[in-house]
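Data first, discussion second: the structure below is written as structure tokens.
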Amino acid sequence: MTQSEKTASEEGRVIIFDTTLRDGEQSPGATMSHDEKLEIAELLDDMGVDIIEAGFPIASEGDFEAVRDIANRSKNAVICGLARSSIKDIDRAGEALKGARQSRIHTFISTSPLHMKYKLKMEPAAVLEAIEASVSRARSHTDNVQWSPEDGTRTEHDFLCRSVETAIKAGATTINIPDTVGYTVPNESADLIRMLLERVPGADEVIFATHCHNDLGMATANALAAVAAGARQIECTINGLGERAGNAALEEVVMAMRVRNDVMPWHTGVDSTKIMNLSRRVSAVTGFPVQYNKAIVGKNAFAHESGIHQDGMLKHAGTYEIMRPEDIGLTETNLVMGKHSGRAALRSKLENLGYELGENQLKDVFVRFKELADRKKEVYDEDLIALMSADSSDTDHIQVKFLRVICGTEAPQSADLTLVVDGESHQVTATGDGPVDAVFNAIKMVFPHEARLALYQVHAVTGGTDAQATVSVRMEEDGKIVTGQSSDTDTVVASAKAYVSALNNLIVRRQKTAPGAAKH
């Protein structure tokens with residue numbers, strides 16, 4: 001049992017189990033590249049998340065490599081790998097986690113009548129045998145084993161008790177009860193945990209966890225209700241990312257316990273001031289923008305437009321704000337950024353936004369900031385965040401040198417493009433169904449490839465006709481995912497740079513996986 005688990009069993013400490021890299025990444029279109037997974041894992045570790053579910057090692061070679069590399073790099077968090085009840089799954093997870101300072105294997109099997117009959121095609125007795133065998137096998141790799149009954153909230157109580165008892169006897173140290181399809185409601189969530197604690201022998205010797213999906217909009221409420229009943233671990237994701245309607249959001253459960261500690265007297269080890277930066281980064285790498293009115297991290301979460309609200313805020317912030325912006329890493333400043341702003345002001349502003357820059361990085365960002373400030377009268381926080389998220393480097397193999405497009409009501413639309421590839425300029429003209437399609441066709445003429453465009457997404461950074469557009473591009477080649485992102489006041493230029501950025505990342509990926517490339 002880890003120190004956080006010991007503390008949780010003794011006091012009101014709630015363990016935060018983040019599954020952004022596993023369940024969150026299962027959101028259609030949210031696949032992250034290898035380097036992005038490592039970056040997010042490092043940020044989660046630094047924020048104080050207790051357990052990071054880094055992936056599903058048997059799913060693919062890419063998942064295995066991500067779990068392995070995150071395990072090798074982790075400084076504080078327990079690194080967890082998911083495995084079905086098969087021996088191959090569990091051994092693969094164990095192999096991926098070998099280098100972790102602290103590891104956990106999370107194994108699961110369905111237990112609801114519906115899942116056992118139609119998904120597993122197994123009788124209850126066979127499921128119990130699989131539970132015993134899988135948990136025992138996991139214990140041969142690590143003494144930190146978590147077991148979950150998939151579709152647990154729709155499982156018959158008697159069988160759920162027998163299943164949990166079997167897992168505990170086989171050596172499970174954490175029992176997680178998933179609301180796999182987001183079906184339950186808060187009082188049921190609490191009653192289920194309470195029932196298991198009362199009925200299952202050995203329940204007082206393990207940690208109970210809750211994993212809630214948001215199909216009915218109650219994931220956070222269900223998770224907190226389970227904690228009220230005795231669960232001491234919450235499984236959650238940044239921005240509530242996850243399959244279908246997503247999971248309980250880490251920022252929501254952490255801040256709910258902090259703000260309403262009077263009625264929810266529990267605490268976590270999460271540094272909440274790092275929430276905003278992580279939220280933005282996860283949004284950027286997945287291409288999933290955070291809805292403006294999203295609790296805690298939405299753009300409007302601390303905005304007040306109503307005259308009545310503004311009047312109250314001017315008199316006392318507590319009239320309409322139940323938490324301070326700085327509690328989640330938002331810091332208000334009086335600095336207005338523009339073309340006359342210097343490097344020190346930019347550094348200060350970026351630090352207030354949660355970014356720490358070295359001298360070389362600041363120099364690069366400052367050049368791009370000045371270029372933007374020449375085109376925009378006022379540079380907003382969102383513009384700076386977009387600058388920090390954009391991918392660009394003077395050492396890139398491919399760079400956009402010149403672009404001009406012709407578009408309008410009469411087809412075909414065309415693009416005149418000059419790309420610099422490894423120092424050599426190439427000029428082409430291409431047509432397409434719209435200016436962006438024409439640009440992408442032109443790029444492909446210069447740099448032919450078979451990678452599939454899996455995502456193209458445009459997001460306006462701020463309001464106004466001079467607003468920057470942030471474009472995200474995701475490409476797939478031979479099962480490998482690469483992403484690119486760029487921002488510009490010209491949407492077509494941003495599109496070209498994002499596409500080229502993805503291609504540069506593809507080149508790096510090819511080099512790393514080429515025969516004879518150094519392994520790590």
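Taken together, the values in this text are just the output of simple stated rules run on the coordinates, not laboratory data. All of these numbers come straight from a predicted model, not from anything done at the bench. With ideal geometry, Cβ positions are generated from the backbone for all residues, glycine too; neighbour counts draw on all protein chains shown.
Partner aspartates and glutamates whose Cα lies under 15 Å from the Cα of residue 119, excluding those fewer than 8 positions away in the same chain, are identified as 150, 151. Placing dummy labels 7 Å off each Cα toward the beta-carbon, the span from residue 327 to residue 260 is 1.2 nm. Under the rule that an exposed site lies in a DSSP loop and has at most 10 other Cβ atoms within 10 Å, name the longest stretch of the chain with no trypsin sites (Lys or Arg not before Pro) of that kind, not counting the sites themselves. Longest run free of exposed loop sites: 122-376. Relative to the longest principal axis of the Cα atoms of the chain, the long axis of helix 34-47 lies at roughly 60 degrees.
Here residue 401 is the anchor, and the aspartates and glutamates within straight C-alpha reach of less than 16 Å, apart from those fewer than 8 places off in the same chain, are 371, 391, 416, 422, 424, 488, 490. Here segment 333-389 is treated as a sphere whose radius is the Kirkwood value from Cα pairs; by Stokes-Einstein at 37 °C and 0.692 mPa s it diffuses with a coefficient of 295 µm²/s. Each of 156, 450, 235, 42 has some number of other Cβ atoms within 10 Å of its Cβ, and from fewest to most they run 450, 156, 42, 235. Only Lys, Arg, Asp and Glu carry charge here, each on its Cβ (+1 for the first two, -1 for the last two); on that basis the chain has a dipole of about 520 debye about its Cα centre. Spacing of the modelled spin labels on residue 364 and residue 445, each 7 Å from Cα toward Cβ, amounts to 3.1 nm. Computed on the chain, with alpha-carbon pairs under 8 angstrom and 6+ residues apart, the relative contact order is 10 percent.
Shown is the FRET efficiency for residue 418 and residue 183, computed with R0 = 51 Å from the Cβ-Cβ distance and rounded to the nearest 0.05: 0.35. Sorted ascending by nearby beta carbons within 10 Å, beginning with the fewest, 16, 168, 406 become 406, 168, 16. Compute the acute angle (0 to 90°) between the alpha-carbon long axis of helix 219-228 and the principal axis of greatest extent of the alpha-carbon atoms of the chain; round to the nearest 10°. Between helix and principal axis, roughly 40 degrees. Here the Kirkwood formula puts the hydrodynamic radius of the chain at 24.8 Å, using every distinct Cα pair. In terms of distances greater than 29 angstrom between alpha carbons, the cross-link table entries 274/294; 37/169; 98/363; 339/497; 98/480 yield 37/169; 98/363.
Centre-to-centre separation between the Cα atoms of segment 126-173 and those of segment 259-289: 30 Å.
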